[in-house]
Each structure stands twice: as C-alpha cells, then as structure tokens.
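Encoded as structure tokens, the structure appears first; notes follow it.
Read-outs throughout are calculated quantities, based only on the coordinates presented, and are distinct from any laboratory measurement. Just so it is clear, the structure is predicted and the values come from calculations on it, not from any experiment. Here the Cβ is made from the backbone with ideal geometry for all residues, glycine too, and neighbour counts use every protein chain on show.
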Amino acid sequence: SIPCLSYLVTLLAVLQHSPPLASAGNLTIEDKLRANFYINSSCSTSDGFSPIYGQNLEQLFRSLVDSVPSSGFDNTSIGEAPNTAYGLALCRGDVPADICRNCITSAAETVKFKCPNSRSAVIWHSSCLLRFNDTRFFGTIGGSEKVRLSPPKNSTSADRQAGRDFVDALVRDAASNPKMYATGIQPQGNYTSYGMAQCTRDLTPVDCMVCLQNAAKEIEKSQSLNQEFRFLSMSCEMGYDTRIFFVTSWPS
C-alpha cells in the first residue's frame, strides 16, 4: 500500500514543489494550468514489479491519455491477474481537453521517474491527478491527504466562520454536481474568497461529500480557513485563496 503523506507540509516544501496557488511570476492562471506544474507524488515499493506489469502500466497510461480528455475523468484496468494494472486520471474541472491530455501525458512520464518500478502510485500536477495500483481501488476513498499552507494571516472569529460556511457550500455543490466539481466566489468584507472542490468520479456522491468533509476537517484543524490552502488526496481536492486561481471562462 502507498505510505501516507504528512498532513502538513512546510512552506519551504510548498515553494520547492510548485508555485503559489495564485502567483508564479507573471504567469496568468491559464499559463500556469498549461504548464502542468508537478506538485507531489507518493509511491509504493518496487517489490513484485514484473515486466508484464510494466507493460500493462504503459498500456494503461496510453488508454487514460486517450480516454480522459473528452470528459475530464476515466478509470480502467489492463491485463490479467496477478499483473492487472488499475488506474484512473482526473483533470481539473476548469481545464479544456488539450491541457487535460498534456497533463496526463506529463504525469505519466513524471511518475515513472519519481516512482520507478512501483506497483502503486499517485501523482498530482497542477491540472490533473494520475493514480494506479495493482489491486482494484475504484469506488473507495483514497488516503495520503496533505495540506499546503501559506503564511498565516490575522483573522477574526467571523472570518473563520465565514470560511467554514464557504467551504461547506463548496462541499455540497461538488458532491451534487454530476462532474463532482464546484467553484465559489464570495465577498467577505475587504477581500474576496475563491474556492474550488472536486472528487474523482468513481466515488458516489455520498463518498465524495465524505472525502471533502474530511478535507475540511483537516483544514480547520490546521487553522487554515483564513488563509490560502490546497488539500490533495487520492480521491478529492479542495483549494481556497483570496486571489482567483481557477478559470471561469477560457479566452477564445
């Protein structure tokens, strides 16, 4: 099984892995999504990796690159036991098919470098998630949650309550959406909150809500509802910022 990642990572690790959620030099949001920045990965050991399983993985990656961009999600399996490769890929709900395809292609290449000969792994890029395993995992909530935090900001109890209400609404909206994706924009006094929540679509709406509620609990536990954060797991993700970090309409 994939070892759990630490729930909290330091700011230094965040800066090493990827640019801040809403600022990377002069890049626009669209440019950052096109760039498909690597965020993180988690790997199993290489025990039991066989050439046949490796061939099935390659075929799995090709299948996901072909099938996912049209809808933003797919899960499939390749090969026969004991070398069956199970996998899924999810693209952010605000990216078009070409960026989705490029992200999955990039993630498939990166995971082979980051997790050589692993029988199971998950990798997060800025525009997509790619996960594979040698056992069937579809329809179950995956672990390895992590929270990326920015430096804390001064806030009031009213700010924190508004943050909780905002996140709760995102959870409900994502779980009830057929694409299991939701964004939100909410003015809060002298600033505006921007949020995004998404689940892999092998989950039921109930499990999507559970995954995102777990995310919200971890975020609140780390007292980050008043600052920028991004929560990532194998089955869902959630982001919040006081600057917009998702695309509402791509330029033509």
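General remarks:
- All-pairs alpha carbon distance profile, the stretch 42-101, 10 Å steps from 0, percent: 23, 43, 26, 8
- Charge sum, other residues only, whose C-beta stays under 9 Å from residue 183's C-beta, Lys/Arg counted +1 and Asp/Glu -1: -2
- Residues of type aspartates and glutamates that residue 112 reaches as a straight line, Cα spacing below 17 Å, ignoring anything fewer than 8 places off in the same chain: 47, 58, 134
- Protection proxy ranking, highest mean first, for peptides 234-243, 33-42, 156-165, 65-74: 234-243, 33-42, 65-74, 156-165, where packing is the per-residue count of other beta-carbon atoms within 10 Å, averaged.
- Burial ranking of peptide ranges 87-98, 201-212 (average Cβ count within 10 Å, highest at the top): 87-98, 201-212
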